[in-house]
1. Restricting attention to segment 61-93, report how many residues are of a type in the set (A, V, I, L, M, F, W, C) and part of a helix (DSSP H, G or I).
2. Just to be sure I understand the filter: pairs with C-beta atoms under 6 Å, separated by 6 or more residues or on different chains, first member in segment 34-51 and of a type in the set (Gly, Ala, Ser), second member at pLDDT below 85 and not in a loop (DSSP other than H, G, I, E, B). Which pairs pass?
3. Can you go through ARG24, ARG17, ARG72 and tell me which one is modelled with pLDDT of 90 or more and open to solvent by 60 Å² or more (accessible area, probe 1.4 Å)?
4. Given the condition modelled with pLDDT of 75 or more and surrounded by fewer than 16 Cβ atoms within 10 Å (Cβ to Cβ), answer yes or no: does some residue in segment 107-114 qualify?
5. For segment 3-29, which residues satisfy the criterion of being touching a Ser or Thr at 6+ places or on another chain (Cβ under 9 Å) and either without any contact (Cβ under 8 Å) to a residue 60 or more places away in the chain or not in a loop (DSSP other than H, G, I, E, B) (or both)?
6. Name the residues in segment 5-28 that are over 17 Å from ALA87 (Cα atoms) and either touching a Pro at 6+ places or on another chain (Cβ under 8 Å) or of a type outside the set (Lys, Arg) (or both), would you?
Amino acid sequence: MSAKAVAIIPARGGSKRIPRKNIRPFEGKPIIAYSIEAARASGCFDTILVSTDDPQIAEVARSYGADVPFMRSDRTSDDHSGLAEVAAEVIAQCESQGDSYETFAASWPQLPLSPAQESKRVLHYLSLLVWMR
């Protein structure tokens, strides 16, 4: 399999401060749609993968073109799990399903992005955690 890049968008369903924040509407779309669209518009990724524990978030993510090939475990769905644990789980799950990626980048779903022409620059700025394998 050739080297590929994946955008990981972590979107837990159990926010306590703003319930259902990842799928709440903002300017006519669910908030998570902006991160999915920015990742697609960047042209940097072969796969846009949403890591979630919530079936409704998974449905919305798929409707905007993201892959949700598995649901996040209880272990990485609590208030104390960080991005590193979530990303490690995603990587392990992908590998167990026979998918290999060379580059992993994380993008936050709670940051609705600005105009499409800036999405690549903004995505690179927001992709603070990148693994080169």
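1. Total meeting the criteria: 9.
2. Partner pairs satisfying both residue conditions: ALA38/SER119; ALA38/LEU123; ALA41/ALA116; ALA41/SER119; SER42/SER119; SER42/LYS120; SER42/LEU123.
3. Result of the check over ARG24, ARG17, ARG72: ARG24.
4. No, because not a single residue in segment 107-114 is modelled with pLDDT of 75 or more and surrounded by fewer than 16 Cβ atoms within 10 Å (Cβ to Cβ).
5. Passing the criteria: ALA5, VAL6, ALA7, ILE8, ILE9, PRO10, LYS21, ASN22.
6. Within segment 5-28, GLY14, SER15, ILE18, PRO19, ASN22, ILE23, ARG24, PRO25, PHE26, GLU27, GLY28 qualify.
The values are calculated or read from the model by the stated rules, or taken from the named source; none is laboratory data. Keep in mind that what you see is a predicted model, and the values were worked out from it rather than measured. Backbone-built Cβ (ideal geometry, glycine too); neighbour counts: all protein chains shown. Note: accessible area is taken over every heavy atom of the protein model, side chains too, but ligands, DNA and RNA are not part of it. Shrake-Rupley method; radii C 1.70, N 1.55, O 1.52, S 1.80 Å.
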